[in-house]
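Have a look at the structure below before the remarks.
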Amino acid sequence: MKPLKPFDYFEPETLPEAGRIQSERGDGAYLLAGGTDLLVRMKKGEIRATALVNLKRIPGLNGIQPTPEQGLSVGALTPISALEQSSSVRGKYPVLAQAAGVLASPSIRNLATLGGNIGRASPASDMAPPLMVLAGCISAEGPKGKRELPLESIFAGPGKTTLKPGEVITSFRLPEMPPRSGAVYLKLGRREGMDLALVGVAVFLNFAAGSDRPAEARIALASVAPIPIRARKAEEEILSGPLTEERVRKAALAAVSDASPLSDLRASASYRREMIRVLTCRAIGEARQRAEGGIVA
């Protein structure tokens, strides 16, 4: 670890103030939420921050509450541990609680926030794939007002987002889960729950009443491309007919072709491709089981 270089520190009490500071200070200004990733990267010398803008004094950015449309709204500063433990999340969106429970360690989950995890734009984000398959949206506020955008559209590259200068993520909105639907997130890491995902796979399936053919299918992958991605070819395969074992196998192979994994110190590209296939097969089966009312550990 390297000694931290001097930086300016701000505690704005409103979103416009936070956005103004960030815009005025430019690329050297970083928003501070939980700080579990940002401060480590600063100490390693990976980034040079000239200003930190702490968001914790701004009201209304923390909490989990239902929306008028029967969905769920999650504030950007909501800790990951709150998602893991929330009865609302565990009851209506268990895949989100499942992903929260395998992110890093309990002590980090107590500090890390959902907004910080997504705003980091890490290809290995555990929270991005389940939010993507749940058709989650992001609310952001900046100098030009408020806007809402699909979560998957926020990723521009490793560590880069499509947010405009001065924009701050304020909340996440999840639509209501339809009947006969299920979603699962599976993660492969070197150490259970403590490591970044070598491969992460989230699957959402929805079946019409009395049908074994999915009406909706969404698959998202982590750690296998420069950004978290949707496996569109795999989704098309699943929707092409009844969900037979052969179709599941073809969908898993299609997911592999959707990805572009690289080799690094943690795993080779070929190993990641094989694990995409294995985890996608398994996740499709478990999502189907949940959609049919089964319990998946």
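The values are calculated or read from the model by the stated rules, or taken from the named source; none is laboratory data. This is a predicted model, so every value here is computed, not measured. For neighbour counting, all protein chains shown are included, and Cβ atoms are generated from backbone atoms with ideal geometry for every residue, glycine included.
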Test each condition in (1) in contact with a strand residue (DSSP E or B) (Cβ under 9 Å, 6 or more places away or on another chain); (2) assigned by TED's automatic domain parsing to the domain that holds SER125; (3) not acidic (Asp, Glu) for ILE108 and report the one that comes out false.
(1)
Within the range 141-172, of all residues that are part of a strand (DSSP E or B) and hydroxyl-bearing (Ser, Thr, Tyr), the one surrounded by the fewest Cβ atoms within 10 Å (Cβ to Cβ) is THR161
Determine whether the range 38-48 contains at least one residue that is assigned to a loop (DSSP other than H, G, I, E, B) and modelled with pLDDT of 95 or more.
no
Conditions (1) in a loop (DSSP other than H, G, I, E, B); (2) touching a helix residue (DSSP H, G or I) at 6+ places or on another chain (Cβ under 8 Å); (3) aliphatic (A, V, I, L, M): number failed by ILE138:
(1)
Sole residue being touching a residue at least 24 places away in the same chain (Cβ under 8 Å) and crowded, with 21+ Cβ neighbours inside 10 Å, chosen from ALA197, ALA225, ALA208:
ALA197
Candidates ALA202, ALA217, ALA231, filtered to the one that is buried (at least 20 other Cβ atoms within 10 Å of the Cβ), free of Cβ contacts under 8 Å to residues at least 40 places away in the same chain and assigned by TED's automatic domain parsing to the domain that holds ALA267:
ALA217
